[in-house]
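The block underneath contains the structure these notes are about, expressed in structure tokens.
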Amino acid sequence: MIATAAFYVFAAVLLGSAALVVSARNPVHSVLFLILAFFNAAGLFLLAGAEFLAMILVIVYVGAVAVLFLFVVMMLDIDFTRMREGIQRYAPVGATVGVILLVELASVFGSWQLLPQSASLRGAVAPGAVSNTAALGDLLYTHNVLLFQLAGLVLLVAMIGAIVLTLRARKASRRQDISRQVAQRVEDTLVLVKVGLGAAVTEAEFQRPLPEPAVAAAEPHGGGHGHGGTHAAEVR
Amino acid sequence: MIYAVAVLAPILGSAIAGLLGRAIGDRAAQAVSILGMVIAAICGNIAFAELTWGGAETGTVDLGTWISAGPFHVAWALRYDALSAVMVAMVTLISTLIHIYSVGYMGHDAYPTYRFFSYLSLFTFAMLMLVTADNLIQLFFGWEGVGLASYLLIGYWYDKPSACAAAIKAFLVNRIADLFFAVGIALVFFVFGSVEFPAIFAAVGQHAGETYTLFGTAWPVLEVIGVLLFIGAMGKSAQIGLHTWLPDAMEGPTPVSALIHAATMVTAGVFLVARMSPLLEFAPTAKALIVIVGGSTALFAATVGCTQNDIKRVIAYSTCSQLGYMFIAAGVGAYQVSIFHLITHAFFKALLFLGAGSVIHAMSGEQDMRQMGGIWKKIPATYVVMWIGNLALAGIPFFAGYYSKDAILEANFDVGTGVGLYGFVCGVAAAFLTAFYSWRLLIMTFHGKPRAEAKIMAHVHESPAVMLVPLIVLAIGAVFSGMGFHAQFIGEGWHEFWRNAIVNAPSNHVLADLERVPESIALLPTFMGVLGIALAYVMYVAAPSLPGALTRAFGPIYRFLLNKWYFDELYDAVLVRPAMALARSLWQVGDATLIDGVPNGLASLATDSSAQVVKLQTGSIAIYAFSMLIGLVLLVTIYLLFR
Amino acid sequence: MNWTLALPEIALAVSGMAILLFGVLRKEESGFLASMLAIGALLLAGVLMTATGAGHAYDGQFVVDPFSVALKLLILAGAILGVALSVDYNRAEGIGRFEFPVLIVMATVGMMVMVSAANLMTLYLGLELQSLSIYVLAAFARENLRSAEAGLKYFVLGALASGLLLYGMTLVYGFTGTMDFARIATGLADPMQVSAGLIVGVVFILAGLAFKISAVPFHMWTPDVYEGAPTPVTAFLSTAPKVAAMGLLLRVMIGPFGHLLAQWQGLVVLVSIASMLLGALGAIGQRNIKRLMAYSSIGHMGYALIGLAAGTVSGVRGVLVYLAVYIFMSAGAFAVILAMRRGGRAVEGIADLAGLGRSDPALAMLMSVFMFSMAGIPPLSGFFGKLYVFLAAVQSGMWTLAIIGVLTSVVGAYYYVRIIKVMYFDAGETGFAVRPATLSIVAAGSGLVTLLFALFAAPVVAMAEAAARALLG
């Protein structure tokens, strides 16, 4: 009884906040409603007995993704009124398509029934005596190891993509190179020159700083690659 | 296996010479294609020798699958039996000699000749594919390849309008025959369910009595196949009715003529008939047709040959006539004799053509015999080999042609049927005419007073060694090939020589009967030959006024013969003009107004709708996404409505 | 568990990562070396393919059978051609970074997984791996506004398509309770029991995959992405991913949903007809050759779909032959397009081809071969591709499809032949810059395959037939 009530509460809030994500005028509000929606979805998962999914949803989506969203929305100056114009222009078409699809899906779900033998076809049946963690581990790392590794590859590609598309090694940027700093010796930076008392210093005798080492200048993406590489290693 | 090398070396040479000719230079291209041919000739003749004397097994050399569609299987395979091997040996040998000869003959050509050598090798390769085919489709591949290469070579001097016209004519006439051949192949597949020779030949007996209903009439199916295939052969082998392309093909360079006439093209029809012998043995009507067409051609071409003045045309009609001989032999079931004549003919006809080429070369390109004469002392070597060639052609004893031609006429005589007799009579008459026009050619070309201009006469010279050596080799062949192979081909050794390559029905013992012909009949062709020579001597040496008088006395007949029985004119009036008229009316009414009108309308419709389609492509992601969603909704709706 | 069945994929993925490390650690510009290594890795995967056996692995999520082997060989060939085509272009355009071949290798891993998928989840992950790599590749020339736009467009629309696909998969899972292809197939053995919701799910899956093969009405991205993406990416996009997506579509529709043929057949017919029509009509007015190739690929996928619509062994065989023929025609045509450089930059207008017949006869000749082949003129390979799918349609009694196919290929011939006309009969500027050897090799090699296909058609068709029989069981 309580479970049923909780389900309806979670579901109602979920749908309501989802609608508000789309319709809120302030983008920051949109993101906050999105977070609310995530929480309610996590609640629904809990009700269904999928606590692992619920926690993942909270940690990953709320903790990481949504917060990132919030940063981006706040940092980028997006003109939402202009985007709204587009929405108004496409609204009639969108509404028509949406309504038709809704009606169709409603009619389909109205007559929904499971395949009679679906229970026997299930792939990953919850094991009885094993603890939840062990069962999950078995599922992820034994039965679905292929999928797990493939997902890893997908993430690797995403990372490569992000780096390839955005990383720009600016020529002017000066980066701190700790090892070089530490390995610095006095002779490298300091030159002691004896200057005669009262002697004029001609233009040619000015000491200029040593040029940067050639290696760092030749490879504009050097730093970026190192970055990508370490991440790649972590993912594996 | 060396047999495959013999077949494939020419195409390699052709490809290198043709594709890289410009890069590696003319000399190198010639060398490569000749090298390919020499290798092919050596391998081909070794393969032949192994089969004949070395006791090698017959069989097939598989090269791979070509087409496999349902029950229709075609393989790339080389058939290795006496019939194929002898053809391979002959084709590669003659073609090699012609290649070498061409180096000298084409030496004065203004353009680089790598294209020419590439085509020659291609021609040879196509013919080799044809003769080694193990199925009808591969044979057809070679058949069409030969047609293509002949088109390219006849029209080699493409800046000469007459050469282009001749090339097109050769191609078209052959296409007509090929259509029948293709229908024949289809019918074979329809009846036998296979196009592989072993399968067909094994099943012939079961289909002997079957009929095939078309247009409400039941036809004996094997007869229909036999006739269709023979019509195909008629086109390639220039038999009467479909012969008109052959004399015109003289527009190509002379080595090409030699190749076409001796080795690689016209013999294809005879080969086909011999190859299909197991099937033809069950088709007596088709065989009778072969004899009638062959006999008529032999006689017809010989009569025309007597009146022509172009040296190459005379030899061309002589080829036509000799092919007729080969068919009358095949038609009475003596396929072995027919192939025997094919081989001996290859030697002396190549010799005659190359000799004529040498004469033309000496006369600075002059081909009209009326402008020649009195040159025998200036080009003695050519003169001698032309004599040898003509002796062989006329069937004078102990030269090559004697053995084969005699055997043909004897075979026709001793089958004893009416058809056989027709072939015999035509053959004997043609033998007389052959000797006549051969000596007419010799005398007009070499003897008498010089009729050419002084400038040309001063320039007459013997050909270079590169042209003479092939001539001498061919002359040796023209003298000895008859004597040398008589025993194997049609003599006592024929059973073990041919083995199963050619099949004679049990009732067909024409070969065994060859020796039992009366003496008088056996000597008749020789006698007729001598008579022809005598007549030529009388008309062109003893009484030079006689030909003129005869021409005046029998004006209509002379003009009839001179104009080649008006075949070209007949075709022009019956086929070409009506076709042109029909085409013109179709063009102006059907094409210009109807057919052009509809597509033009459709085309503008297409471009208009194209503009509409492209209009949606605005570049906006939202529109793209919406169109995807609309598409999805559409599909779901269609499914829900029409499930 | 027989994990070695995925050895080619594993080897390829590990080599991809090794190339990545190599590129990172090597401080210099290493695009060329990385490309060569990538080609080596792809060849290695091809060699390993011949060594692995057949069967299911990874809990039945991964299958190796003649069908997947045939497709993987095509995919690897397409990928090798793609890498080969990219080397010189990327260097000339200043995008010769080592990530390019790495991404192609990763996309190839994804594609190979796609055609080996025996589970909806494997399918999805393979598809995403492939798609994500290609999104990045499309935007690879990030300084170029159009390239960035192409990448973004492809990404956004691709995400939408993935959404549709996932939604369809949930519907199927919700109905049958399983994601395993074989189990789904047994569950759906009796079409009478199947509820409408499942079929709607199948329609969603069809839509998601139709996006990947750019079939109408999910094709809208194609012209823009083809035009905007760097040309080697476009070349790659039009070969291997098309093979993989079409293979996946075949496997899903014929495998788990094979019993529902009567239900989805009509939709495939509709999509096929629409694609053929749009491909033929849309290309007519184009001036940019890459855009034209986009419409051409839409049309070609329409033809290939005919085979799927037939749903028989000969239909699947037809699709496979079509794909085999298509990747070589397409790669060859793109090699020619890549050779279109003048004054140090690439030109893409059809009018820029004018006079090529005189300035570079060999290239013009090859282009003519590809165009004639795409138009389906015998005896070039394109003719055989069309022949086998039309044959399948006729054998299944789908005369409408075959007739529309023939009619649209007549319209299509118009714009293919127009290119030849431009090359040979229009007066043009001076010739293109000297073309690099890789392009010549790829163009000549593809040209030979296209030209001489008739000679070795039998083994290809036999292989396709074996693959089709494996798929239809």
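Of all residues in the range B:454-464, those being open to solvent by less than 70 Å² (accessible area, probe 1.4 Å) and in a helix (DSSP H, G or I) number 2. If the condition is being within 30 Å of the chain's Cα centre (by Cα), at the interface with another protein chain (Cβ under 10 Å from one of its Cβ atoms) and open to solvent by 10 Å² or more (accessible area, probe 1.4 Å), then the range C:183-198 contributes only C:R183.
Restricted to the range B:593-620, and to residues that are open to solvent by less than 50 Å² (accessible area, probe 1.4 Å) and either in contact with a strand residue (DSSP E or B) (Cβ under 8 Å, 6 or more places away or on another chain) or within 30 Å of C:E149 (Cα to Cα) (or both), which residue is farthest from the other protein chains (Cβ to nearest Cβ)? For the range B:593-620, the residue satisfying everything is B:S620. Do we have any residue at all in the range B:345-363 that's in contact (Cβ under 8 Å) with a residue 60 or more places away in the chain, open to solvent by less than 10 Å² (accessible area, probe 1.4 Å) and under 29 Å from B:P198 (Cβ atoms)? Scanning the range B:345-363 turns up at least one residue that is in contact (Cβ under 8 Å) with a residue 60 or more places away in the chain, open to solvent by less than 10 Å² (accessible area, probe 1.4 Å) and under 29 Å from B:P198 (Cβ atoms).
Residues in the range A:88-105 that are hydrophobic (A, V, I, L, M, F, W, C) and either open to solvent by 50 Å² or more (accessible area, probe 1.4 Å) or within 13 Å of chain C (Cβ to nearest Cβ) (or both): A:V93, A:A95, A:V97, A:V99, A:I100, A:L101, A:L102, A:V103, A:L105. The single condition among (1) touching a His at 6+ places or on another chain (Cβ under 8 Å); (2) at pLDDT 85 or above; (3) over 24 Å from B:I521 (Cβ atoms) that B:A407 does not meet is (3). Scoring B:S194 on the criteria (1) part of a helix (DSSP H, G or I); (2) surrounded by fewer than 20 Cβ atoms within 10 Å (Cβ to Cβ); (3) over 22 Å from the mean Cα position of the chain (by Cα) leaves a single failure, condition (1).
For the range B:261-280, the set of residues classified as more than 28 Å from B:G416 (Cβ to Cβ) and part of a helix (DSSP H, G or I) consists of B:H261, B:A262, B:A263, B:T264, B:T267, B:A268, listed by residue number.
Report every pair of residues separated by at least 6 positions or lying on different chains whose Cβ atoms are under 8 Å apart, first residue within the range B:578-590 and basic (K, R), second at pLDDT 75 or above and exposed (fewer than 10 other Cβ atoms within 10 Å of the Cβ). Every condition considered, no pair remains.
Could you list, in sequence order, the residues of the range A:156-188 that are open to solvent by less than 100 Å² (accessible area, probe 1.4 Å), at pLDDT below 85 and over 22 Å from C:G96 (Cβ atoms)? Break it down into steps so the answer makes sense when it comes.
Going through the range A:156-188, the residues open to solvent by less than 100 Å² (accessible area, probe 1.4 Å) turn out to be A:156-167, A:169, A:172-173, A:177-179, A:183-184, A:186, A:188.
Subset that is at pLDDT below 85: A:167, A:169, A:172-173, A:177-179, A:183-184, A:186, A:188.
Correct list: A:A172, A:S173, A:D177, A:I178, A:S179, A:A183, A:Q184, A:V186, A:D188.
Sub-7 Å Cβ pairs linking a first residue in the range A:91-103 that is in contact (Cβ under 8 Å) with a residue 40 or more places away in the chain to a second residue that is β-branched (V, I, T) and open to solvent by 70 Å² or more (accessible area, probe 1.4 Å), at least 6 apart or interchain, number zero. Go through the range B:281-312 and report how many residues are open to solvent by 10 Å² or more (accessible area, probe 1.4 Å) and either farther than 30 Å from B:H361 by Cβ or part of a helix (DSSP H, G or I) (or both). Within the range B:281-312, residues that are open to solvent by 10 Å² or more (accessible area, probe 1.4 Å) and either farther than 30 Å from B:H361 by Cβ or part of a helix (DSSP H, G or I) (or both) number 12.
Out of everything in the range B:65-102 that is outside any strand (DSSP E or B) and open to solvent by 30 Å² or more (accessible area, probe 1.4 Å), what residue ends up being farthest from B:N500 (Cα to Cα)?
Among those that are outside any strand (DSSP E or B) and open to solvent by 30 Å² or more (accessible area, probe 1.4 Å), it is B:I100.
Within the range C:169-180, being more than 8 Å from every other protein chain (Cβ to nearest Cβ) and buried (at least 23 other Cβ atoms within 10 Å of the Cβ) holds for C:L171, C:V172.
Any chance you could count how many residues in the range A:106-161 are in contact (Cβ under 8 Å) with a residue 40 or more places away in the chain and within 9 Å of another protein chain (Cβ to nearest Cβ)?
Looking only at that region, the number is 2.
Yes or no, residue by residue, for (1) on the phi > 0 side of the Ramachandran plot; (2) open to solvent by less than 20 Å² (accessible area, probe 1.4 Å); (3) free of Cβ contacts under 8 Å to residues at least 12 places away in the same chain; (4) at the interface with chain A (Cβ under 10 Å from one of its Cβ atoms):
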| site | (1), (2), (3), (4) |
| --- | --- |
| C:L81 | no, no, no, no |
| C:S86 | no, yes, no, no |
| C:E93 | no, no, no, no |
| C:E99 | no, yes, no, yes |
| C:M112 | no, yes, no, no |
| C:M121 | no, no, no, yes |
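Annotation note: of B:G232, B:G205, the sole residue that is of a type in the set (G, A, S), at pLDDT below 85 and either assigned to a helix (DSSP H, G or I) or open to solvent by 30 Å² or more (accessible area, probe 1.4 Å) (or both) is B:G205.
Applying the set (1) more than 25 Å from the chain's Cα centre (by Cα); (2) open to solvent by less than 30 Å² (accessible area, probe 1.4 Å) to C:G344 leaves exactly one unmet item: (2). Any chance the range C:384-402 includes a residue that's surrounded by 22 or more Cβ atoms within 10 Å (Cβ to Cβ) and within 22 Å of C:K290 (Cα to Cα)? Scanning the range C:384-402 turns up no residue that is surrounded by 22 or more Cβ atoms within 10 Å (Cβ to Cβ) and within 22 Å of C:K290 (Cα to Cα).
The values are calculated or read from the model by the stated rules, or taken from the named source; none is laboratory data. It should be emphasised that the depicted structure is a prediction, and the values quoted were computed from it without experimental measurement. Here the Cβ is made from the backbone with ideal geometry for all residues, glycine too, and neighbour counts use every protein chain on show. Side chains included, ligands, DNA and RNA excluded: accessible areas come from the protein's heavy atoms. Shrake-Rupley method; radii C 1.70, N 1.55, O 1.52, S 1.80 Å.
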